[in-house]
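This report concerns only the one structure given below.
The values are calculated or read from the model by the stated rules, or taken from the named source; none is laboratory data. Quick caveat: nothing in here was measured; it's all calculated off a predicted structure. Virtual Cβ from ideal backbone geometry, glycine too; neighbours counted across all protein chains shown.
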Amino acid sequence: MYIPFEQLPDQSRVWVYQANRPLLADEMEQISSFLTHEMNAWAAHGSPLNASFEIRFNQVVIVAVNEDVNEASGCSIDASTRWFKSLGEMLNVDFFDRQIAKIQGEQISLIPITSIKDFILNANLSEEDFIIPLQTADLGQYRNQWLQTVRQSWLKKYFKIASL
């Protein structure tokens, strides 16, 4: 069942879906309408899931489930993955393209993983730049320390490699 995002507790489980391009205002409205409808019917083994979402940076959709009420099952998680495949087909967006999202103010710059070393060597990515982690422990972490500096992320190893 869809509930307002701010009503979910910090221990709620989180999934991050990053679009491969900025979303237009009407696309965000379509996504909101679609997800609200789907979450109202979302269940795990017949038990409703208390879930919500929010869209950040006009490009990232955060989905959260209060598993204190009912835990998301493999089948229910698969259903949510299908939502984003359907939305991607409807809007010509890829929510599964795992590029690095560098944050600059309220804008995202996407960096192909295969180009990380070049971005570092050309000073287009620094250890102080903020990125969006595609995995987040829970809603509390998302609310309090979601964005990471490159230095705090798994990308820090590339600075050591680039300096060799």
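Quick check on the stretch 57-112: of everything there that is more than 28 Å from Q11 (Cβ to Cβ) and β-branched (V, I, T), which residue is modelled with the highest pLDDT? Per the stated criteria, the residue is V93. Would a scan of the stretch 89-103 turn up a residue that is hydrophobic (A, V, I, L, M, F, W, C), within 27 Å of V65 (Cβ to Cβ) and exposed (fewer than 15 other Cβ atoms within 10 Å of the Cβ)? Yes: one or more hits.
Taking the stretch 114-164 as the range and being among the acidic types (D, E) and either loosely packed, with under 13 Cβ neighbours inside 10 Å or assigned by TED's automatic domain parsing to the domain that holds S12 (or both) as the test, only E128 passes. Among the candidates E27, E67, E106, the residue that is touching a residue at least 40 places away in the same chain (Cβ under 8 Å) and crowded, with 19+ Cβ neighbours inside 10 Å is uniquely E27.
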